[in-house]
Amino acid sequence: MTNEISNILINTINPAQFVFNLLVAFMAGLIISAVYRLAVKGPNYSISYLNSLIILSMITAVIIMVIGNNLARAFGLVGAMSIIRFRTAVKDILDIIFIFFSLAVGMAAGVSLHFVAMGSAIIIGLVFIMLSKLDFIYPKKKEILVQFSYEKDGREDRPYIEVFKNYCKTYDLINVKSLGDRELLEISYYVYLGKNQDPEALIRALRAIEGVNYANLLFDEEKF
């Protein structure tokens, strides 16, 4: 009786199936990493995280194959994994979603559900890219920070105001700082661009003003 139960709980896997499962996990992880590369924007983008998604899918497939239908192995691995502590803070909820995405396809590949692994990676990936392109995931933010230097040189007018009027819906002065010389100022504005206005065109217009030495535009830690 004990031998019959043991035979039921232990799952054997041949070398060819093992290699094919890992290959499917790798391909599915590659699709997930490609989706991450195409859809994720901003400072949270990480090459190391991108590569980790592929490896995570393969490792998950290995774990599932090791466990098989063996309850003793399952409880043993749960105990072993419980000693691992992840101290890296996840900055974006989408990073967690991609981790679960990789785990899911890795599990599917590990139990030889190859169609499920590849199909889910492709379909969910396409949905994610579509939502990203439609700005469903990352809605467009129009508020940006503009910093530029302006040398007054005795002038009382502010020609940059006309540029803001042409390119921006609203513009709010937030800081004026002297750069050593009393006539040289660093000026910062929060602006909302007008409809269909190009931020790079705004910067070019500011740099064309006499007295402006440099102009930078910052948006979510990205500089134009």
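Read the figures in this text as sums done on the coordinates, not as results from a lab. These numbers were taken from a predicted model, which means no experiment stands behind them. Note that each Cβ is placed from the backbone with ideal geometry, even for glycine, and that neighbours are counted across all protein chains shown.
Be a star and scan segment 47-63 for residues whose amide nitrogen sits under 18 Å from the point 7 Å along the Cα-to-Cβ vector of Leu30. Those under the cut-off are 50-62. Here segment 143-223 is assigned +1 on the Cβ of each Lys and Arg and -1 on the Cβ of each Asp and Glu. Its dipole about the Cα centre then comes out at about 180 debye.
Taking other Cβ atoms within 10 Å as a rough exposure proxy, Val191, Val146 sort from fewest to most as Val191, Val146. Projecting label points 7 angstrom from Cα along Cα→Cβ for Leu179 and Leu113 puts them 6.0 nm apart. Each of Thr170, Thr60 has some number of other Cβ atoms within 10 Å of its Cβ, and from fewest to most they run Thr170, Thr60. Distance between the pseudo-spin-label points of Ser188 and Met130 (7 Å out from Cα toward the beta carbon): 4.2 nm.
The gain in end-to-end length when the Ser149 to Lys165 segment is fully stretched comes to 3.9 nm, 0.36 nm per residue minus the alpha carbon separation. Over all pairs of different C-alpha atoms in segment 143-223, the reciprocal of the mean inverse distance, the Kirkwood hydrodynamic radius, equals 12.8 Å.
Neighbour counting of Cβ atoms within 10 Å sorts the residues Glu156, Glu151, Glu162, Glu210, fewest neighbours leading, into Glu156, Glu210, Glu162, Glu151.
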